[in-house]
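Structure, as structure tokens:
The values are calculated or read from the model by the stated rules, or taken from the named source; none is laboratory data. Quick caveat, the model's predicted, so the values are computed rather than measured. Methodologically, a virtual Cβ is constructed for each residue, glycine included, from the backbone with ideal geometry; neighbour enumeration extends over all protein chains shown.
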């Protein structure tokens, strides 16, 4: 999930039939108007922004199937997208998945308000493995804690570390030819967040009804194909403590004969990196595409 501003998706949410249907489900599940709360929210990753992003991704996945006339062979969702993958695969009912997303957003906000307040996640590109090893080696020599939170491409990663080391990391990456990008706060995908995983499992997951998916789901942590409710459940939980390995997901999809990848949702990252575009024909299923007038209609 990247920042998704209300102004960029508001018309889609009102006009698209699949978005309207899912908004009704969301309002029933949450007990409030998601559209109104999202419109008035301040911040890119509020509970309302997260649920709206989920709803829009699901609506766009449904729209893409209807528009292009296909049924997916596999479903994958990177990071936040794992929730959408669980729902669209049929493993999780939309209302339950929407409610889970809202409750998880609240729990994460509560957790990071008191825990790991000094940790953020820095993303950076143009940093192949040999350069990354140099930087990580220097952090090791300094006795600094860090964890790789996401492997986006062969030269694109995300690193969780202490807030006080971010400026050093950015300067060191630039000196070696890397390109520091955005900093995520709160952080994500690190083994250090095991207490959060335990709380999610205990307080949220045990009451969640999952079924075997109708469409197999590719786990973003290791590229394995999950065909059971338990497998999808583990994707949702392990995403808290294990890094995303998108190139491994790409390899799994390619090895299963996938040629076309429909990227459902506002996407500025996973559908655009080289490992994805070199492996597949990537078809954007974003609000702009869904609102574009169709010829002959």
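Among the residues of the range 1-16, those that are part of a helix (DSSP H, G or I) and either closer than 22 Å to residue 184 by Cβ or free of Cβ contacts under 8 Å to residues at least 40 places away in the same chain (or both) comprise 6, 7, 8, 9, 10, 14. Strands (runs of 3 or more DSSP E) fully within the range 109-195 that include at least 2 residues being crowded, with 19+ Cβ neighbours inside 10 Å and modelled with pLDDT of 95 or more: 119-125, 146-153, 156-162.
Conditions tested, residue by residue: (1) farther than 20 Å from residue 267 by Cα; (2) in the same structural domain as residue 206 (by TED's automatic domain parsing); (3) under 17 Å from the mean Cα position of the chain (by Cα).
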| residue | (1), (2), (3) |
| --- | --- |
| 71 | yes, yes, no |
| 81 | no, yes, yes |
| 85 | no, yes, yes |
| 97 | yes, yes, yes |
| 131 | yes, no, no |
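Considering 78, 64, 59, 85, the condition of being closer than 16 Å to residue 216 by Cα, in contact with a strand residue (DSSP E or B) (Cβ under 9 Å, 6 or more places away or on another chain), in a helix (DSSP H, G or I) and at pLDDT 95 or above is satisfied by 85 alone. Listed conditions (1) in contact (Cβ under 8 Å) with a residue 40 or more places away in the chain; (2) surrounded by 15 or more Cβ atoms within 10 Å (Cβ to Cβ); (3) more than 15 Å from the chain's Cα centre (by Cα); (4) closer than 20 Å to residue 100 by Cα are all met by residue 248, apart from (4).
Taken as a whole, the condition of being more than 17 Å from the chain's Cα centre (by Cα) and loosely packed, with under 15 Cβ neighbours inside 10 Å does not apply to residue 272. Just a yes or no: is a residue in the range 254-265 touching a residue at least 40 places away in the same chain (Cβ under 8 Å), in contact with a helix residue (DSSP H, G or I) (Cβ under 7 Å, 6 or more places away or on another chain) and at positive phi? Within the range 254-265, one or more residues are touching a residue at least 40 places away in the same chain (Cβ under 8 Å), in contact with a helix residue (DSSP H, G or I) (Cβ under 7 Å, 6 or more places away or on another chain) and at positive phi.
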